[in-house]
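None of the figures in this text is laboratory data; all of them are computed from the coordinates on show. What you see is a predicted model, and the numbers here were worked out from it, not measured in a lab. Heads up, the Cβs are rebuilt from the backbone with ideal geometry, glycines too, and the neighbour counts pull from every protein chain shown.
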Amino acid sequence: MITSHQSLIQAEFTKQGANFATAPSIVDPSRIARLVAASNPKPTDRVVEFATGPGHVALGFAPHVKEIVGVDITEALLEIANRSKTDRGITNASFITGNVESPTGLSSLPSASFDIAVCRLAFHHFQNPAQALREMSRLVKPVTGRVVVQDVHGSGVDGGKRRDFQDEWETLRDPSHTKFLTLPELTTAFGECGLEVEVIQTDDVIQKVDRWFQTTQTPPESRAKVLEMLERDMKEDLSGARPYYSDVDGEKTMFFTHRMVTIVGRRIR
Ligand SMILES: C[S@@+](CC[C@H](N)C(=O)[O-])C[C@H]1O[C@@H](n2cnc3c(N)ncnc32)[C@H](O)[C@@H]1O
């Protein structure tokens, strides 16, 4: 069953399609190479990617593994993924439609049938991230299977107020945003799914605010509200995203930081 939030996801990502698929931080091959390296894949591995979108991560894994299956709820993005796969001559990747948050959505995929389950930049769109993580854990092999999640993490300071402030402007910019999990929330969720956390890597992605709006085609009235909140954030340090202005070709240009985390957990039983 598709919830109204998931219908919104499909509508947003159908609209964002090409802009999202070509956004610099999404395409960046060096970021994808680091995610693949953190997952430590073997040539014999079968990999499943949750919320694969335009398939950049799946196609980045493909040369390093036996097979990769990408799952997503938005058909328009899977069409982009299939086109890239053909253009790049990749034959060991496949893409299927599915709801990774539904307890029955991925029932066609047998338990313990993959070596790695990976998901990038999608937990903050989920209404039920715990269900998605349980499903990732179900799909990987006990003892050796790894679950890899990469996403922006929210501030854990001030009882969630700073995270809430960022979630508010993120949701104004993209209504399909739900919530950034904090580092402790993410590691606790791994533990609750029987996943031993073995790697935690953090880094920053600098977002140019104009390009970030262009991806989501945020309407002017919402942009104005987001800019107002970012200005306040810049002056008062309200979220940890650290907005700032820099001169680009003689123009005052706004940027901020998305704080990323990559967590690798091994299924212990
Ligand atoms: C920000 S995009 C990330 C795409 C891709 N992981 C990447 O990093 O390039 C978020 C993706 O999550 C997908 N998505 C959101 N909720 C989903 C769900 N419940 N089941 C499957 N896909 C979902 C969207 O369709 C979209 O492709």
Two-site label geometry, I268 and M234: point separation in nm, points 7 Å out along Cα→Cβ: 4.7 nm
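If the only charges are +1 at each Lys and Arg Cβ and -1 at each Asp and Glu Cβ, what is the size of the charge dipole of the chain around the Cα centre, to the nearest 20 debye?
Once rounded to the nearest 20, the dipole reads 800 debye.
Where Rh denotes the Kirkwood radius from the mean inverse Cα pair distance, what is Rg over Rh for the stretch 67-155?
Over the Cα atoms of the stretch 67-155, Rg/Rh equals 0.97.
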Cross-link reach list, aspartates and glutamates versus K42, counting only Cα pairs under 14 Å and skipping chain neighbours closer than eight places: E67, D115
Relative contact order for the stretch 113-269, counting Cα pairs under 8 Å that sit 6 or more residues apart, in percent: 33 percent
Between 0 and 90°, nearest 10: helix 75-87 axis offset from the chain longest Cα axis: 70 degrees
Cα-centre dipole for the stretch 118-269 with unit charges at Cβ (Lys and Arg positive, Asp and Glu negative), debye to 20: 760 debye
Residue pairs, from the table K225/K252; K15/K225; K15/K208; K15/K66, whose Cα atoms sit over 30 Å apart: K15/K66
Charge-dipole axis of the chain as Lys and Arg at +1 and Asp and Glu at -1 on Cβ define it, positive-most pick from A37, T144, V264: T144
Cα lying deepest toward the dipole's positive end in the chain, options P175, Q131, P24, charges on Cβ: Q131
Karplus 3J(HN,Hα) series, Hz, for the stretch 48-57 with 6.51 cos²θ - 1.76 cosθ + 1.60 (x for Gly, Pro): 10, 10, 7, 6, 5, x, x, x, 4, 5
Rounded tilt (10° steps) of 220-236 against the dominant C-alpha axis of the chain: 80 degrees
Degrees, to the nearest 10: 4-22 long Cα axis against longest axis of the chain: 80 degrees
Within the chain, helix-based [θ] at 222 nm, where runs of 4 or more DSSP H residues each add -39,500 (n - 2.57), nearest 500: -12500 deg cm²/dmol
